[in-house]
Amino acid sequence: MTQCAMLSPREGKAAVATHCPYCALQCGMRVRGGDSPEVWGDEGFPVNRGQLCIKGYTSAAALGHPDRLVMPLVRGADGKLHAASWDEALGFVCRRLSAIRQERGADAVGVFGSGALTNEKAYLLGKLARVALGTSNIDYNGRYCMSSAAAACNQALGVDRGLPFPLEDICRAEVVLLAGANVAETMPPLMRYFEAQRSRGGHLIVVDPRRSKTAEAATHHLCVVPGSDGALAHGLLHVLVRDGLVDAEYIEKRTEGFERVRALVAGYWPERVERITGVPEAQLVEVAHLLGRARSVMVLTGRGPEQQAQGVAQTLAYINLALAVGAVGRPFSGYGCLTGQGNGQGGREHGQKADQLPGYRRIDDPAARRHLAQVWGIPESSLPGPGRSAYEMLSSLGRPDGISALLVFGSNLVVSSPDASAIEERLRALDLLVVADFFLSETAKLAHVVLPSAQWAEEDGTLTNLEGRVILRQKAVSPPPGVKTDLEILCALAAGLGHGERFAYRGAEDVFDELRRATAGGVADYSGITWERLRAERGIFWPCPSPGHPGTPRLFTETFPTPNGRARFSAVAHAGPAEEPDEAYPLYLTTGRMMPHYQSGTQTRRIEKLLALAPEATVQMHPSVARAHALEDGDEVTLSTRRGSARFRVQLSAAIREDTLFVPFHWGGEHSANLLTHPALDPQSRMPEFKVCAVRLEAPSHREEGHT
Ligand code: SF4
């Protein structure tokens, strides 16, 4: 396959232009192969202009890591994993899958994907599930990440593209309201856009229960009670309506449903909102006036308001705000959500969701089913219907009417699922668990078969970053001998299940060409994008419906893709979290990320430089809370919720609310934040409530002894 090999001015050596393995910013990087591959930022890629965060800079360390899996592993009669050949491992998997399908039906097999998979992998995983396995049960870990924002965007704006504008537009927004995203830690190169916005005199308003690094860089910090975003957004809109600062002309011409929202927010007067959210009335009014008087306003959300059992409602409340000030579709303005995982955007477009077919088509849409059946060369009647969403699928594992066999690609479910000990128990109840990964993750350790797969720089593929920009991540080094790419594994499984002829590809580009046909005419239309164009143009924004089409950096400038072309206001009352602090569990617990680590930490917990920065799981707490529990900085403490207990090292900080504890979710075992989190699901997106639950601090044993 042709690669874009070029001389780097920095190193003067041949290097491949590719992209970071981690987050949705998908920073451009150059990789020079060899015994110890080197990585540096690509100054020619517009998103990061040469900047990388510490995770990107150290990403090459995972490639030749001694923990790499280089042979398939199969669990033997002694209960241990043993090295096996590919023929043995794949033969065993296919025989077991066929037997389980025959005994219990196709839906007894589940497939679990990831927002880290390339577009080609996500597409082929969906095709494997629907065509070769015939199961309706496929979903992915993006259900844990983006599903609330996706549902809200589809409902309000008619389409889900995280940012409907390029990042460069942030620089020229007069006011940006950023809710529940600590980008200074999670996506540091993104901060240059906010810094440029501030340097032009712009206001940056950050909503967060912690004075995070991002909040420190803001002009305003709204230090909300966890789980209260909906009330905050309604309160801001209350003030805008009360003080005549909504854009009546825009509302009249481009939206529908405002009157119901006006009636709803009348009940969110500032004193009441202060009681719910903890945000002082004067600050609420000041921020509302900034939003109402600016010529260009952006409202951006992250996982803070979204990863809650009210995630869709809270995101809709923020979209209401953006619509009310006439921001959506205007220059340097709008609503957007900051996608987290590397291919969180593309991963939710191409058919690895329970209710979806490629191109962001619905699986229950007859026209979409006809189109895909024709592309895949199968009768429409053989296409399964909608299946279980991620957490519901996991909850059914090993149950008589549930899933008996699960294939996992690119996910570490034991660490990333809420109420993690319950999920581990369900995984252990399976007749067959197959995990494809490049390290022996906590989930792979439970598998019957582990398939060693290639990493990002060892294979070609496309991803779609948080702006909706499709990019080509190029292969820079060869995978270790004995390792296959996920695409090779998926095709081998399909062949072993008797569907080889429908999975005969010449490589990833060939898969992409089929994906283009599959998405043609869909919401996320990639049919005009080719790998050749991606190499030349360094990214194309979808929709791109024909080869001559320039792509679509900005959506909604004229109309919305809704039946009547109008955006929809949504009147949803604020309901609060599923579990509030009480006498037994008196504090809020919130979870999130820290700079050196990524998601479940499978890669980053193995990289020395990152571990040196954050060697263990910590709990951030206010000094007053520590004093009340006789705790000191560095003590080890147990946190307990109604789901379980986990241990963390105390980190004192006056930057967090006194009623809230924060723990990162990058660790497994007894340090897993998800032993504590609440599995309540949003009724629409099925997103679990990762961001808020009630927690109790257990004093360390030596201090308890001291007190008695
Ligand atoms: Fe990689 Fe994200 Fe860091 Fe960029 S910000 S280097 S994409 S982890």
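The values are calculated or read from the model by the stated rules, or taken from the named source; none is laboratory data. It should be emphasised that the depicted structure is a prediction, and the values quoted were computed from it without experimental measurement. No Cβ is skipped: glycine too gets one built from the backbone with ideal geometry, and neighbour counts run over all protein chains shown. Only protein heavy atoms, including side chains, enter the accessible area calculation; ligands, DNA and RNA are left aside. Shrake-Rupley method; radii C 1.70, N 1.55, O 1.52, S 1.80 Å.
Here ALA617, ALA680, ALA654 are screened, and the one residue that is among the aliphatic types (A, V, I, L, M) and at pLDDT 95 or above is ALA654.
Residues that are surrounded by fewer than 21 Cβ atoms within 10 Å (Cβ to Cβ) and more than 8 Å from the ligand (Cβ to nearest atom) were ranked within region 46-61; the one that is nearest to PRO596 (Cα to Cα) is THR58. Listed by first and then second residue, the pairs linking a residue in region 610-634 that is under 18 Å from THR58 (Cα atoms) to a residue that is open to solvent by less than 30 Å² (accessible area, probe 1.4 Å) and among the polar types (S, T, N, Q), with Cβ atoms under 9 Å apart and 6 or more places separating them unless they lie on different chains, are LEU610/THR58; LEU610/THR604; LEU611/THR604; ALA614/THR604.
Residue by residue, here is whether (1) among the polar types (S, T, N, Q); (2) in contact (Cβ under 8 Å) with a residue 40 or more places away in the chain; (3) in a helix (DSSP H, G or I) holds:
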position	(1), (2), (3)
SER136	yes, yes, no
ARG143	no, yes, yes
CYS153	no, yes, yes
ASP160	no, yes, no
VAL176	no, yes, no
PRO189	no, yes, yes
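Within region 18-32, can one find any residue that is in contact (Cβ under 8 Å) with a residue 60 or more places away in the chain, in a helix (DSSP H, G or I) and away from the ligand (no atom under 11 Å from the Cβ)? There is no residue in region 18-32 that is in contact (Cβ under 8 Å) with a residue 60 or more places away in the chain, in a helix (DSSP H, G or I) and away from the ligand (no atom under 11 Å from the Cβ). Only one entry in PRO358, PRO305 is in contact with a His (Cβ under 6 Å, 6 or more places away or on another chain), touching a residue at least 60 places away in the same chain (Cβ under 8 Å) and farther than 22 Å from VAL241 by Cα, namely PRO358. Residues in region 101-119 that are surrounded by 20 or more Cβ atoms within 10 Å (Cβ to Cβ), among the aliphatic types (A, V, I, L, M) and modelled with pLDDT of 95 or more: ALA108, VAL109, VAL111, LEU117. Checked against (1) out of contact with any Phe, Trp or Tyr (no Cβ under 9 Å at 6 or more places or on another chain); (2) surrounded by 15 or more Cβ atoms within 10 Å (Cβ to Cβ), ALA536 passes all but a single condition, namely (2).
For region 633-650, the condition holds for no residue, the condition being that it is modelled with pLDDT under 90, open to solvent by less than 20 Å² (accessible area, probe 1.4 Å) and assigned to a loop (DSSP other than H, G, I, E, B).
Here THR618 meets each of (1) under 23 Å from the mean Cα position of the chain (by Cα); (2) over 19 Å from ARG210 (Cα atoms) with one exception, condition (2).
Scan region 487-504 for residues that are part of a loop (DSSP other than H, G, I, E, B) and open to solvent by less than 50 Å² (accessible area, probe 1.4 Å) and jot them down. Don't jump to the end; show me each part of the working.
Of all residues in region 487-504, those part of a loop (DSSP other than H, G, I, E, B) come to 497-499, 504.
LEU497, HIS499 - these are the residues of region 487-504 that are part of a loop (DSSP other than H, G, I, E, B) and open to solvent by less than 50 Å² (accessible area, probe 1.4 Å).
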